[in-house]
Amino acid sequence: MWPPAVNLLRRLNPRLCAFPKGACLKAAHSSSSSSVISRSSSSSSLSQPHDGLYPEHIPTTLLQKALLAVGSGAAALHDPYRHDMVAVLGETTGHMTLIQLRDNMRNDPEGYSILMKRPRIRLSTLDLDKMAAMPEGSFGKEYLRFLNENRVTPDSRAEVRFVDDEELAFVMQRYREVHDLLHTLLGMPTNMLGEVAVKWFEAANTGLPMCVLGAVLGPLRLKPVRLQTLLTTLGPWAVKNGQKSRCVLNIFYENRWEQYIEDLREELGIEPPPLSVS
Amino acid sequence: MAASVGLCTRRIFRVFYTNVYLSASAVWPGSVHGRAPHTTRSLSQEAGDRSTHFGFETVQEEEKAKRVYQVFENVAQKYDVMNDAMSLGVHRLWKDILLHAMNPQPGARLLDVAGGTGDIAFRFLEYIKSQEDKMRKREARSMQTPSWQDISTNYLNEQGEEPKESTAVVCDINKEMLKVGKQKADSMGIVSGLSWVAGDAEELPFGDDEFDIYTIAFGIRNVTHIEQALQEAHRVLKPGGRFMCLEFSKVSNPLLSTIYDTYSFQVIPVLGEVIAGDWKSYQYLVESIRKFPDQEDFKGMIEDAGFYCVSFHNLTGGIVALHSGFKL
């Protein structure tokens, strides 16, 4: 599932844009992974003052959310390349969990500073040159390696639209942006097995219904050999670590680029992966 | 002195000119025809700050065309799928009804404006073909026992005869929609009798008195100046030509209206998001339906453009109305 998705993402984000989202109309800042949709939403959020709680917010009734949840779930199952549908599913089903996560963040000093400062992980906010110059084994360097090897970019995450609270929308957005960093921390690539392993970790760590659904349905698409690996070694490791580690949203990753990845793992309570997944 | 006279005449000209179009840019539905209250407004709006509606939003007129273009550019690929999903396939019946009301004969020239993906044009060509088949069968049946004289006249006729070819021209302002339509035509194997033209309904790239039938199906509510489009329709039609318009309209039955509104605003944007990945375009679509004048008002607008024998038929309880008028 993921290598074609990665190719798709590569094709849709050919240019890295140095401008922050608000100033740039190019497709590199498209709010979802389809270039067909990009122009409408990005230009409309620029030229029209938004009447929602945050730019890109689309207020929805309970009925609409229910329909969206069912529809997006069906669409995502039908066509796993519809990342926008997975995103919508997460937004419409995650309300209670987002509240829990937000409260968790408020009670943690680092999480609280994240809620106050609202950092965003985008190519425009990352200093790639500085990260490339960091020593081997540092978190920043490893993250950069992950981005290059798997040919992904942090700018391909869809914007949150259907969460009706501005702070919860940020929590959701933070979860999405932290996903790639989790890949780095767990040492998992972006192929199907790696993604499912990360989903199991996230389901255990955050409890978001979308992660749980992904964790349950993802393995159905795995080849038998990989499924066995997942069920015997990778899966239990992911779940155990997800449960015992700190909530991944509580970490101010942007301050920790220089930290050695092993130290960071130890601090969070994440064991290194039991085997390397290719 | 000459400069100020020129300025004066230009101002006067603009007052007359803007008056005609102000009622099309009225923000409230069921646009009024009263011109007097707008006269004072028109002088202050010479600078070009006229606003109109884009769904429930108010935008500048220049911007509306651009926004509409973007909407259809985004939805073009999934346009037909979405139509089937939103109307549960009923839009096909509406278009079939349009064709049956039109009842085109072989040799007719059709202009389908805002014809995008070509639904009306394809149906037109099929209808003409089946009419021609019917005619041929009728002729064959009536000539079962021809005399030698008949046979020889037939041979002479056949040599000199050129069957009147019906042509359909699909005109749309949006190139993406035309592209999708052309692909459909190719996959259906239609090689002749069909042409695709990019053009603006308010300023058609055709000469006067060219077409027998002008249709615009579910397109006229997206036009910024509806009256201009109606005048253009009048211009390009031949005398005796027919104007036909399918468009979403007002539902009078209150129960059906509630169900329709709930469905429109709750379900359709969700369908747009799930199927086409575009909530906002479909939100615009359902809002633009509410902003369009109702059946009687639109009939009045068509009459104002110079059409005669204007009538309308409600389809599906008034969800869609078929308006028709003739140029005499």
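Of the peptides A:193-203, B:75-85, A:264-274, the order by per-residue mean of other Cβ atoms within 10 Å, starting with the highest, comes out as A:193-203, B:75-85, A:264-274. At an R0 of 60 angstrom, the distance between the Cβ atoms of B:HIS313 and A:HIS95 translates into a FRET efficiency of 0.80. Label zone of A:VAL225 (point 7 Å out along Cα→Cβ, amide N under 14 Å): in the range A:182-211 this covers A:193. Please give the FRET efficiency for B:GLU62 paired with B:ARG138, using the beta carbon to beta carbon distance and R0 = 56 Å, rounded to the nearest 0.05. Computed FRET efficiency for B:GLU62 and B:ARG138: 0.55.
Going from the fewest other Cβ atoms within 10 Å to the most, the residues A:CYS247, B:CYS309, B:CYS171 appear in the order B:CYS309, A:CYS247, B:CYS171. Post the alpha-carbon centroid distance, the range B:192-261 to the range A:141-175, in whole angstrom. Computed from Cα coordinates, the inter-centre distance equals 45 Å. Over the range A:41-268, the ratio between the Cα radius of gyration and 2.2 N^0.38 Å evaluates to 1.02.
Shielding by partners for peptide A:60-72, expressed as the average number of C-beta atoms from other protein chains within 10 Å of each residue's C-beta, is 4. Sorting B:ILE216, B:ILE289 by the number of Cβ atoms found within 10 Å of their own Cβ, with the fewest placed first, yields B:ILE289, B:ILE216. With the simple spin-label model, which puts each label point 7 Å out from Cα in the Cβ direction, the A:ASP103 to B:GLU203 separation comes to 6.2 nm. Among the GluC sites (Glu not before Pro) found in the range B:143-232, those both in a DSSP coil and sparsely packed, with 12 or fewer other Cβ atoms within 10 Å of their Cβ, are B:GLU161, B:GLU165. Measuring against 21 Å, Cα to Cα, the residue pairs B:LYS164/B:LYS184; B:LYS78/B:LYS280; B:LYS78/B:LYS179; B:LYS137/B:LYS238 contain B:LYS164/B:LYS184; B:LYS137/B:LYS238 as the ones spanning a longer distance. Exposure proxy for A:ARG120, B:ARG136: other Cβ atoms within 10 Å of each Cβ, ordered fewest to most, give B:ARG136, A:ARG120. Among residues other than A:GLU110 with Cβ under 13 Å from its Cβ, the summed charge is +2 (Lys and Arg +1, Asp and Glu -1).
Relative protection proxy for B:249-262, A:207-220, from highest mean packing down: A:207-220, B:249-262 (other beta-carbon atoms within 10 angstrom). Note on the range B:183-323: Kirkwood radius taken over Cα pairs, Stokes-Einstein applied at 10 °C and 1.306 mPa s, translational D equal to 94 µm² s⁻¹. Residue by residue along B:271-283, Cβ atoms of other protein chains within 10 Å of the local Cβ number 6 on average.
Given +1 at the Cβ of Lys and Arg, -1 at the Cβ of Asp and Glu and no other charges, the dipole of the range A:41-268 around its Cα centre is 600 debye to the nearest 20.
Basic side chains Lys and Arg get +1 at the Cβ, acidic Asp and Glu get -1 at the Cβ, and with that the dipole of the range A:46-136 about its Cα centre reaches some 180 debye.
FYI, it's all coordinate maths here, none of it is from the lab. Bear in mind the structure is a predicted one, so any value in this text is a computation, not a measurement. With ideal geometry, Cβ positions are generated from the backbone for all residues, glycine too; neighbour counts draw on all protein chains shown.
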